[in-house]
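Student: The structure is given below, and queries will be raised subsequently.
The values are calculated or read from the model by the stated rules, or taken from the named source; none is laboratory data. Quick caveat, the model's predicted, so the values are computed rather than measured. Here the Cβ positions follow ideal geometry from the backbone for every residue, glycine too, while neighbour counts run over all protein chains shown. SASA here: full protein model, heavy atoms, side chains in, ligands and nucleic acids out. Shrake-Rupley method; radii C 1.70, N 1.55, O 1.52, S 1.80 Å.
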Amino acid sequence: MPSLLRNGQIEQDSWLPPTEALAPGHLATVSQYVEASEKPTAVQIEPGEGIADVLENLDSLELVAVNFPAFMDGRGFSYARELRERGYTGELRAVGAFIRDQLHYLSRCGFNAFQMDGESALEAAKASLNDFSEHYQAAIDKPQPLFKRRAG
Amino acid sequence: MYVYDQYDQAIVDQRVEQFRDQTRRYLAGELTEEQFLPLRLQNGLYVQRLAPMLRIAVPYGLLNTRQARMLAKVSRDYDKGYLHVSTRQNFQLNWPELADVPDILADLASVEMHAIQTSGNCIRNTTTDQFAGVAADELEDPRPYCELIRQWSTLHPEFAFLPRKFKIAVCATAEDRAAIHAHDIGLELVRNDAGEVGFKVLAGGGLGRTPVIGSVVCEWLEKKHLLTYLEAILRVYNQHGRRDNKYKARIKILVKAMGVDAFREAVEAEWAPIKDGANTLTGEAIAHAQSFFTTPEYTSYTDSVETLTNQSANDPIFANWVKRNTCEHRVPGYRAVTISLKPTGIAPGDITAEQLEAIADLADRFSFGELRTTHQQNIVLADVPSSELYTLWQALQKQGLATANIGYLTDMICCPGGDFCSLANAKSIPVAEAIQARFDDLDYLYDLGPIELNISGCMNACGHHHIGHIGILGVDKKGQEFYQVCLGGSQSKDASIGKILGPSFGREDMPDVVGKVLDTYVELRTEEETFLDTYQRVGIDPFKERVYAKPAA
Ligand code: SF4
């Protein structure tokens, strides 16, 4: 069972990655999700995929995973912002090749779960979540930009 | 100028500690080369041909004398005692040790400086007019908006891993001195029909391999929407910009591929849900930013101009320097001074620690303790009383900083090129030096009039060769260094991309080639025409014929 960092804690998880055909216990791909008559509750987004259908049914989802095939591919950051801005409140999980030094930005964009290989990597990654205590921009973690907090 | 509060300081300090840990993990083998690469780049650290290069941010080119002195100190403590002013108004150290960089950044943080996002695939240092705030032709001071953009873009969580680098420039004058047409996003402060000041927004400009002039995506944007609109553009780019080919990854390629109308629609669609959202600027936020860029306490001089006239009459060399290197100020009795970092024999933009300290002392005495870097790689003291120019000039002479060539051929823009940069196809500094050495007769230069000569060592175009009146580009031909020449580029209001003259040349031919181009101009010009005017009238052919003419047998 893979472990992951969820809401700052190391936890076990039973969801399995997408497979060719939608199967119980596996995340759906976006196209499986679109085609399914009964909407799955967990879906994994790949960079470049259109997610209009996913955005329409956010209430019925409990898990959205976003894959980072390469850590330099920053498209996942925008997916996360968009999902949260449209009101998604369930688990938003980063999977794939992202690195620990991106955790702080990822969590600011709305990710609350991070799947990484190895218990020690997860333990070390925890520290990176808190690299900064202050930020200029409004983001998902801090809905007010600094220029408003300064004024208040 | 902008002064940090506890928030800004905390962010910069925490950034230093973050990078210290990243460097430690890299040196301990816990971070791979590939993983460390974007992390160090986003802290301004390149690994160059001979040593690392550290690029230190000077937000929109403005710094105080405390910062200038710290830069000088850092260059002495950790480097070879000199610095380089880049075409993005930043300072570069050419020889720091990787392991020292966290300490350098900590020293810089103590004077409110950093190297955040001076490199990498993220939003870079926002640039503006070097005469912002003092220009007579300015609609409004652009620097408060640059500062708002700086804060918004600094450590922006969503846009740190873009397809490619992203550059924003802001201007507020009809004569665009910030080259906004050559930026990923260009912003111009303009009035709408109702007389209100807002932003004209351009996107998709850029140099590099495929030079493109930016397209207008919004004719007039209300100020309060500045950040949300930028966010929408960046989001379209982050999601749809190409990531498969780094030469096609800039936003200009996306805007071209989509067409500007479709691009605008996509931006509007992204913008609709975030418009009026949390990042919408408040009047208070704008006023707060503006409060840092107030008018200094100018003295009203009654005899200032007269003193200058007398001094000029007595000393023609001084008079010439005043004519070439100073310009009009919106306050009578003051002038803005450009200190040339282009004397013959020095790499354009290089400055020693001692010279920088001397300029800092002069800025304290004569220019309210502030100085500015320019994208032409010079330094500006923006607020000098006319009556003090003579003393200032004498002090600059002692430092070898009184070259009177601003705007002329030898005031050229030149990237570090093959001497330092690992991406280079060819060296650029020796070409600059050879041209400077050939054309060092100032009277000849003045007779030629204003000419911008720009040199880049490769397609990345850091020397902006496409928008020089004369552009020189280093190219590689079967492992040999050659140089391609283009003519007729322009970075001002009527921005244009230069045309390639023809087959490239060897390095030793370059002064001759430039000489023939200049001769052609001198022969064909009418009395009133500048180089660019003549070029625009006669086209490239006469230049081509002259340069490629077979020598008479
Ligand atoms: S233009 Fe090329 S050679 Fe010159 S600094 Fe840029 S990348 Fe290096």
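Student: Hey, can you tell me all the residues within the stretch B:13-38 that are open to solvent by less than 20 Å² (accessible area, probe 1.4 Å) and aliphatic (A, V, I, L, M)?
Tutor: Result: B:V16, B:L31.
Student: Moving on. Quick one: which of B:E284, B:E270, B:E265 is crowded, with 16+ Cβ neighbours inside 10 Å, charged (D, E, K, R) and without any contact (Cβ under 8 Å) to a residue 40 or more places away in the chain? Steps first, answer last, please.
Tutor: Working: B:E284 fails: crowded, with 16+ Cβ neighbours inside 10 Å; B:E265 fails: crowded, with 16+ Cβ neighbours inside 10 Å.
So the residue among B:E284, B:E270, B:E265 that is crowded, with 16+ Cβ neighbours inside 10 Å, charged (D, E, K, R) and without any contact (Cβ under 8 Å) to a residue 40 or more places away in the chain is B:E270.
Student: Quick check on my filter: what residues within the stretch A:83-98 are of a type outside the set (K, R) and more than 8 Å from chain B (Cβ to nearest Cβ)? Can you show your working first?
Tutor: We begin by selecting, within the stretch A:83-98, every residue of a type outside the set (K, R); these are A:83, A:85, A:87-92, A:94-98.
Of everything in the stretch A:83-98, those that are of a type outside the set (K, R) and more than 8 Å from chain B (Cβ to nearest Cβ) turn out to be A:L83, A:G87, A:Y88, A:T89, A:G90, A:E91, A:L92, A:A94, A:V95, A:G96, A:A97, A:F98.
Okay, residues lined up against (1) more than 14 Å from chain A (Cβ to nearest Cβ); (2) among the hydrophobic types (A, V, I, L, M, F, W, C); (3) surrounded by fewer than 20 Cβ atoms within 10 Å (Cβ to Cβ):
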site: B:E188; (1), (2), (3): yes, no, no
site: B:N192; (1), (2), (3): yes, no, yes
site: B:V197; (1), (2), (3): yes, yes, yes
site: B:K200; (1), (2), (3): yes, no, yes
site: B:L207; (1), (2), (3): yes, yes, no
site: B:P211; (1), (2), (3): yes, no, no
site: B:Y237; (1), (2), (3): no, no, no
site: B:K248; (1), (2), (3): yes, no, yes
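Student: While we're here: For the stretch B:440-464, give me each residue that is near the ligand (Cβ under 7 Å from one of its atoms) and of a type in the set (G, A, S).
Tutor: Answer for the stretch B:440-464, where residues must be near the ligand (Cβ under 7 Å from one of its atoms) and of a type in the set (G, A, S): B:S456, B:G457, B:A461, B:G463.
Student: B:A287 - would you say it is under 30 Å from the mean Cα position of the chain (by Cα), at pLDDT 95 or above and within 14 Å of chain A (Cβ to nearest Cβ)? Talk me through it step by step, then tell me what you get.
Tutor: Working: under 30 Å from the mean Cα position of the chain (by Cα): yes; at pLDDT 95 or above: yes; within 14 Å of chain A (Cβ to nearest Cβ): yes.
Yes; evaluated as a whole, the condition is true for this residue.
Student: Could you list all residues from the stretch B:93-105 that are closer than 30 Å to B:D184 by Cβ, open to solvent by 10 Å² or more (accessible area, probe 1.4 Å) and not in a helix (DSSP H, G or I)?
Tutor: Within the stretch B:93-105, just B:N94 meets the criteria.
Student: Hey, another quick one. Please state which one of B:G349, B:G345 is more than 16 Å from the ligand (Cβ to nearest atom), away from chain A (no Cβ under 14 Å) and not aromatic (F, W, Y).
Tutor: Details: B:G349 fails: more than 16 Å from the ligand (Cβ to nearest atom).
One residue alone meets the criteria, B:G345.
Student: Let me ask something additional. Which is at pLDDT below 95, more than 14 Å from every other protein chain (Cβ to nearest Cβ) and either on the phi > 0 side of the Ramachandran plot or more than 16 Å from the ligand (Cβ to nearest atom) (or both), of B:A437, B:A424, B:A402? Full working, then the answer.
Tutor: On the way: B:A424 fails: either on the phi > 0 side of the Ramachandran plot or more than 16 Å from the ligand (Cβ to nearest atom) (or both); B:A402 fails: at pLDDT below 95.
Result of the check over B:A437, B:A424, B:A402: B:A437.
Student: Find all pairs meeting these conditions: Cβ atoms under 8 angstrom apart; at least six residues apart or on different chains; first residue within the stretch B:448-470 and assigned by TED's automatic domain parsing to the domain that holds B:P348; second residue open to solvent by 10 Å² or more (accessible area, probe 1.4 Å) and more than 8 Å from the ligand (Cβ to nearest atom).
Tutor: Note: no pairs meet the criteria.
Student: Yes or no: B:R242 within 14 Å of chain A (Cβ to nearest Cβ), open to solvent by 10 Å² or more (accessible area, probe 1.4 Å) and either basic (K, R) or touching a His at 6+ places or on another chain (Cβ under 6 Å) (or both)?
Tutor: Against the criterion (within 14 Å of chain A (Cβ to nearest Cβ), open to solvent by 10 Å² or more (accessible area, probe 1.4 Å) and either basic (K, R) or touching a His at 6+ places or on another chain (Cβ under 6 Å) (or both)), B:R242 qualifies.
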